[in-house]
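Everything on this sheet refers to the single structure shown next.
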């Protein structure tokens, strides 16, 4: 009887240990490199992507800001520890994994080719079970893996039949995958610029030179919005973990 009880206790301890998330590795942080419209179709906008997503609004700079935010302010809200970035970047196996991911993305006709990763991270917006298994071997101490896709667009604010007002929109999603392969958390937040653009027949008629500044506004607003929904997502994550 005592032996049976001991087996049950040990099994429970193993299950509980597997279900906990104590350490997380952020392996993906990427952003789109071509500005798009969301909610209407201004086809001419993509022709000016170099202006709006290049030196005027540098997505690498925004990813650096978001990286610092993740490891800084937002990390204080997480109920787990993040694998230090220096540990991630110094791992040679992860460097090889990242290289394979980048080469795979370039050979596919996919939206991945319109994205770029922050240096040292993968461009993936999501992880397959196979990739999670590979990452678990590379980072055996990690209980879960995080990918963060950012996106910037000119989105509808108030429009009817292709006419109205649009603004710059910044969006970030956090996907957290347990080492078992299951998605245990998804947090999606967005920020919108105060500046608006007049849209007539789905074409922006306002001064487009103001788009980079508006996207910066949206990015700043995103930083304020991101933590608001996090407590609910963490509670939901813990419920999912209890079932693993």
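Below is a table of values for the structure above.
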item: Answer residue from region 82-95, given it is over 19 Å from residue 123 (Cβ atoms) and more than 18 Å from the chain's Cα centre (by Cα) and is surrounded by the most Cβ atoms within 10 Å (Cβ to Cβ) among those; result: 87
item: Residue in region 140-157 that is surrounded by the most Cβ atoms within 10 Å (Cβ to Cβ), counting only those that are within 18 Å of residue 85 (Cα to Cα) and more than 20 Å from the chain's Cα centre (by Cα); result: 141
item: Per-region count, region 171-201, residues surrounded by fewer than 16 Cβ atoms within 10 Å (Cβ to Cβ) and touching a residue at least 60 places away in the same chain (Cβ under 8 Å); result: 1
item: Answer from 35, 21 - the residue that is under 30 Å from residue 81 (Cα atoms), surrounded by 10 or more Cβ atoms within 10 Å (Cβ to Cβ) and either touching a strand residue (DSSP E or B) at 6+ places or on another chain (Cβ under 8 Å) or at pLDDT 80 or above (or both); result: 21
item: The lone exception for residue 212 - which of (1) in contact (Cβ under 8 Å) with a residue 60 or more places away in the chain; (2) more than 18 Å from residue 88 (Cα to Cα); (3) not in a helix (DSSP H, G or I) it fails; result: (3)
item: Residue in region 48-59 that is modelled with the highest pLDDT, counting only those that are surrounded by 13 or more Cβ atoms within 10 Å (Cβ to Cβ) and assigned to a helix (DSSP H, G or I); result: 59
item: Residues that are surrounded by fewer than 19 Cβ atoms within 10 Å (Cβ to Cβ), touching a residue at least 24 places away in the same chain (Cβ under 8 Å) and not in a loop (DSSP other than H, G, I, E, B), drawn from region 158-170; result: 159, 163, 164, 165
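Residue by residue, here is whether (1) under 22 Å from residue 233 (Cα atoms); (2) part of a helix (DSSP H, G or I); (3) modelled with pLDDT of 95 or more; (4) out of contact with any strand residue (DSSP E or B) (no Cβ under 9 Å at 6 or more places or on another chain) holds:
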position	(1), (2), (3), (4)
76	yes, yes, no, yes
79	yes, no, no, yes
86	no, yes, yes, yes
89	no, yes, no, yes
97	no, yes, no, no
103	no, yes, no, yes
116	no, no, no, no
127	yes, no, no, no
131	no, yes, no, no
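The values are calculated or read from the model by the stated rules, or taken from the named source; none is laboratory data. This one's a predicted model, so the numbers in the text were calculated from it and none came from an experiment. With ideal geometry, Cβ positions are generated from the backbone for all residues, glycine too; neighbour counts draw on all protein chains shown.
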